[in-house]
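These notes concern the structure reproduced below.
The values are calculated or read from the model by the stated rules, or taken from the named source; none is laboratory data. Everything numeric here is computed off the predicted structure, so don't read it as measured data. Methodologically, a virtual Cβ is constructed for each residue, glycine included, from the backbone with ideal geometry; neighbour enumeration extends over all protein chains shown.
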Amino acid sequence: MADPSRFQDPHHTLAVFTDDIWVVCPACGGCAHILPQPVGQADGGTPFATQASPQESSQESPQESLKALTPSQNHAPSLNPTTSTRRGLDVFAPRRLICGRCAHHQDWQGDLVRWGDAQDCYFGLPLWLQTAVAGHTLWAYNLRHLSLIEAFVAAPLRSRRPDAAGWHNRSVISRLPRWMQTAQHRPAILRAIARLQQR
């Protein structure tokens with residue numbers, strides 16, 4: 001039986017969370033979403049549904065939130081942490097930026113995505129879910145990403161195991177900075193996460 005106090009790295013790469021990226025709208029400063037366009041609708045069709053807002057989300061535990069990942073998301077491709085130019089992956093599907101507050105929208109198509117701190121990998125916009133903690137910046141693409149970080153930080157015991165491809169250093173958890181892995185910053189990080197969950 002799994003130890004509920006032990007966090008097991010699920011080996012999710014950052015690409016897993018590109019299905020709904022929360023960013024600061026460049027037009028009004030509200031929360032906008034970057035969503036993949038369904039096949040055949042890259043010219044303005046209806047995008048995938050967004051995640052619920054913090055006010056609408058159910059109060060489930062971090063570990064329960066992780067179960068919402070679909071099998072296809074769980075096996076998202078492992079990408080270079082800085083730049084990727086590979087074709088044929090879902091991460092390169094056309095994207096649309098949509099703001100529900102001011103109706104601003106913007107489209108992205110290409111074969112180059114850039115992974116960077118506290119900004120999205122398509123338009124380079126500031127992430128909505130980010131805050132200062134202990135002289136650093138805590139950030140997440142969406143609430144699922146934030147829940148993964150929360151589960152890791154809150155766990156008193158943590159472990160990693162090789163996946164089907166063996167040991168690698170591409171998962172979100174394996175690439176967390178040192179300051180997020182120390183017990184010293186745990187209370188501050190968890191408080192910051194709680195604030196972002198209610199933003």
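See the values below:
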| read-out | value |
| --- | --- |
| Selected residue (criterion: nearest to the chain's Cα centre (by Cα)) from residues of region 171-180 that are at pLDDT below 90 and assigned to a helix (DSSP H, G or I) | I173 |
| Residues of region 142-170 classified as among the polar types (S, T, N, Q) and at pLDDT 80 or above, total | 2 |
| Residues satisfying the stated conditions in region 104-125, i.e. part of a strand (DSSP E or B) and within 24 Å of R178 (Cβ to Cβ) | R114, G116, Q119 |
| Count - residues of region 8-36 that are part of a loop (DSSP other than H, G, I, E, B), under 17 Å from L129 (Cα atoms) and not hydroxyl-bearing (S, T, Y) | 7 |
| Filter pass, A183 being modelled with pLDDT under 95 and more than 21 Å from I21 (Cα to Cα) | yes |
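Matching residues to (1) closer than 28 Å to V153 by Cα; (2) acidic (D, E); (3) at pLDDT 95 or above; (4) over 17 Å from the mean Cα position of the chain (by Cα):
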residue: F92; (1), (2), (3), (4): no, no, no, no
residue: A103; (1), (2), (3), (4): no, no, yes, yes
residue: L112; (1), (2), (3), (4): no, no, no, yes
residue: A118; (1), (2), (3), (4): yes, no, yes, no
residue: Q130; (1), (2), (3), (4): yes, no, yes, no
residue: H136; (1), (2), (3), (4): yes, no, yes, yes
residue: W139; (1), (2), (3), (4): yes, no, yes, no
